[in-house]
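Trainee: Mind having a look at this structure? Questions to follow.
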Amino acid sequence: MSRIKLLVVGDIHIGRGSSRVSADDPSEVSARGAWDRIVEAALSESVNLLCLTGDITDESNRFWEAIGPLERGLRQLEACGIMTLAVSGNHDHDALPRLADQLESASFRLLGRAGAWQRYTHQAGGEALLHVDGWSFPRESVRASPVDTYDLPADAAVPTLAMVHGDLDVADSRYAPLPRQRMLAKPVAGWLLGHIHAPMVEAPKDQPFIVYPGSPQALDPGETGVHGAVIVEFEHGRCLGVRRLPLSTVRYDGLEVDVAGIEDLSALTMRVHDEIESFAEQAGSEGGDRLRHLVIRLTLHGQTPLAGALQEEVEQIRADLELEVAGVTCSVDRVTLRVLPVVDLAALSRSSSPPATLATLLLELRERKPLNELSERSRRLTERVRTAMATQRRAAVFAGAADAGDLDDDAVREMVAAQAEALLAELVQQQGAS
Ligand SMILES: [Mn+2]
């Protein structure tokens, strides 16, 4: 039967683990534990091929930590007749070739060493079912696009997949820029990519599909949503579909809770509890039976008379809240307050009281105009905040704690709005008390 099934996995980063979550058994939240679940999934899904799209190990100094579990898993797959193909990424450009040399196994193939495209053809009963063309990172950083040197012969009779680690549509990337339009023009059924940890499946009709399986174990709060691997199937040379397979034991996500109209703390606690519970139920059903931890970044918003008195309560929610919902442990990593006292902002902005300035600012921010079109006073304020945020960001980047991304209007607007709301809540509460 000319059917072939693939499990596609990228960016495991063996050596790392999920941050900001505690587990009694560390392997429950480690990338190494994820590798074990990947092997299990390959066996239980009865795939023919496991495709690893790079950054399997975290760094070359993690080589010895990774080799034991990798070798064990690969031998298990081999024993069940499953072939493993890999390309190296920027993190394991060094370690993966070493691993391939050490294993000397016919059922593990590192494709495209030294940045030269290489083809593997999967056969069954003497019939070629699929070509996988791979390109590996020859060093830590590559500015030329691997797509430019991809010219292995087209084969109209056998579906072809291209596998490469790199940066989709980032022209000046140091990590193998991959221009989408040039990829779509190649005679392939699809592209299996690594590097970006957020999963992405693009499978439009009549065009090659593009897949980032993403990190199979979500590694930090920036890696939100369902994480896992991807299954691809072909029959009689035709792609049957591309579907995601959840594998992560941890899910990070933001949750917004509307607390408008809530007048006492016990009602607030109940609302937060109920919202987390129903979100956890949803996450449990989306995450499959492997999900164990849900780590939430909570935002409370809305107008409530409690607005000025929530700081202590939310700190307790963050520190203490732990819920168990259908086998999933929920915790709160951060709480953001976006609440306002019950005031009429428009009326307040026309008054001559001190809060009038804040009300005007908030109303202006809500129009979501570009910040340089705000009134003189609001513009000066937002510019000062932008400067302060940029200074702080540079310090964090210098300390290796952040990316040097641009500070866009949205980031500044959110920061100013949150601070203005907090200050307004404080002022209104003081006035109420006086
Ligand atoms: Mn990478």
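Trainee: Pick out, in residue order, every one of the trypsin sites (Lys or Arg not before Pro) in the range 75-167 that is DSSP loop and has at most 14 other C-beta atoms within 10 Å; say none if there are none.
Mentor: Within the range 75-167, the qualifying trypsin sites (Lys or Arg not before Pro) (loop, at most 14 other Cβ atoms within 10 Å) are Arg139, Arg143.
Trainee: Relative to the longest principal axis of the C-alpha atoms of the chain, give the angle of the C-alpha long axis of helix 376-398, reported between 0 and 90° and rounded to the nearest 10°.
Mentor: 40
Trainee: Looking at the range 362-393, which GluC sites (Glu not before Pro) are DSSP coil and have at most 15 other C-beta atoms within 10 Å of their C-beta? It would help to have the intermediate numbers written out before the result.
Mentor: Values: sites: Glu364, Glu367, Glu373, Glu376, Glu383; in loops: Glu367.
Here the sparse-neighbourhood loop sites are Glu367.
Trainee: Any idea what the alpha-carbon Rg over 2.2 N^0.38 Å comes to for the chain?
Mentor: Values: Rg = 25.7 Å, N = 434, 2.2 N^0.38 = 22.1 Å.
That ratio works out to 1.16.
Trainee: Can you list the trypsin sites (Lys or Arg not before Pro) in the range 303-385 that are in a DSSP coil and have 13 or fewer other beta carbons within 10 angstrom? Walk me through the intermediate numbers first.
Mentor: On the way: sites: Arg318, Arg334, Arg338, Arg350, Arg366, Arg368, Arg377, Arg379, Arg380, Arg384; in loops: Arg368.
Qualifying residues, ordered by number: Arg368.
Trainee: Taking every pair of distinct Cα atoms and averaging 1/r, then inverting, what Kirkwood hydrodynamic radius in Å comes out for the range 249-342?
Mentor: Across the range 249-342, the inverse of the average 1/r is 13.4 Å.
Trainee: To one decimal place, what orientation-averaged projected area in nm² is obtained for the convex hull of the Cα set of the range 273-320?
Mentor: Averaged projected area of the range 273-320's Cα convex hull equals 4.1 nm².
Trainee: If we count every other residue with Cβ under 13 angstrom of Gly302's Cβ, Lys/Arg +1 and Asp/Glu -1, where does the sum land?
Mentor: -3
Trainee: Provide Asp344, Asp220 in ascending order of the number of other Cβ atoms located within 10 Å of each residue's Cβ, fewest first.
Mentor: Asp344, Asp220
Trainee: Which percent, nearest 5, of DSSP beta bridges in the range 249-342 are antiparallel?
Mentor: Working: 4 of 24 bridges.
Counting only bridges with both partners in the range 249-342, antiparallel ones make up about 15 percent.
Trainee: Provide, in order from the shortest bin, the percent of all Cα-Cα pairs of the range 277-434 in each 5 Å bin, continuing until the bin that contains the maximum pair distance.
Mentor: 1, 8, 14, 14, 15, 15, 14, 10, 6, 3, 1, 0
Trainee: So, one more: Determine, from the Cβ-Cβ distance of Glu277 and Gln123 and an R0 of 51 Å, the FRET efficiency 1/(1 + (r/R0)^6), rounded to the nearest 0.05.
Mentor: Details: r = 51 Å, r/R0 = 1.00.
Given R0 = 51 Å and the Cβ-Cβ separation, E is 0.50.
No lab work stands behind these numbers, since they all come straight from the coordinates. For clarity, every value in this text was computed on a predicted model and none was experimentally measured. Neighbour counts run over all protein chains shown; Cβ positions are idealised from the backbone, glycine included.
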